[in-house]
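The values are calculated or read from the model by the stated rules, or taken from the named source; none is laboratory data. Values in this document were obtained by computation on a predicted structure and should not be read as measured data. Methodologically, a virtual Cβ is constructed for each residue, glycine included, from the backbone with ideal geometry; neighbour enumeration extends over all protein chains shown. In case anyone asks, the SASA skips ligands and DNA or RNA and just uses the protein heavy atoms, side chains included. Shrake-Rupley method; radii C 1.70, N 1.55, O 1.52, S 1.80 Å.
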Amino acid sequence: MFYALVRQIYKSRLFFRSSEQSAFLCLKILYEGRGQPSVCNLYRGVPFCNAYMANVMIATFECTSQKECRRKRERWEELQEKYSPLGQKELDEFNSNIKTGKSKVRFDKHFHKRSLERSISVHDVKDVLTYGWVIERNKTAKSTSILILGYVGRNYRPLHVVFDMLNESDWIAVTAYDPNSHAWKWNEHFDKRVCFCNPENNE
């Protein structure tokens, strides 16, 4: 009966570009109450479930230095309380200038590579740019960047998009990712960092 239900769900096209194998995986996740069918997609051509991966990471990853992470989090919150509003002001001005043709967004090679792997479209990024909000602004000797959080699609998929601001009218989209893939780093709303450990760096 269980396998019959798998086939029934698969035939109903409930899963995005799913194979019978991924339908089995996602149904197992649903059966265990750990995810929803709306989060199933492709990663490097292999079907998988973001909810499952996020739960696995949360369950298996442990902060290597809670004291150090707490120190970094407090410092991060202090800096972003000061600089995120500035980034939001820059974003609002940039969006106003886009409407008049005074500003433009470009996409670098890294972005195209990562977005293809993560099933993120240019349209998704433009939606985040238009309707999202700044959660982080960073400045170094070489560049200034902002991290924007937005929700896209009918299922309101959360996305983080990083932009390098070359100047007030020329921004480059560097990378975009679903924060569920790094769920241990963020709070439940994906707008505040809670862990600064970095077992992998593939954003």
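Cβ-Cβ below 9 Å, separation at least six or inter-chain, first residue in the range 178-200 and closer than 19 Å to Lys67 by Cβ and surrounded by fewer than 19 Cβ atoms within 10 Å (Cβ to Cβ), second among the hydroxyl-bearing types (Ser, Thr, Tyr) and modelled with pLDDT under 90: which pairs? Partner pairs satisfying both residue conditions: Phe196/Ser65; Cys197/Thr64; Cys197/Ser65; Pro199/Thr64. Let me spell it out: the conditions are (1) surrounded by 13 or more Cβ atoms within 10 Å (Cβ to Cβ); (2) polar (S, T, N, Q); (3) part of a helix (DSSP H, G or I); (4) over 16 Å from the mean Cα position of the chain (by Cα), and Ser96 meets all of them except one. Which number is the exception? Failing condition for Ser96: (1). Scanning the range 122-177 for residues that are closer than 22 Å to Arg193 by Cβ, under 17 Å from the mean Cα position of the chain (by Cα), in contact (Cβ under 8 Å) with a residue 24 or more places away in the chain and open to solvent by 60 Å² or more (accessible area, probe 1.4 Å) gives a single hit, Trp133.
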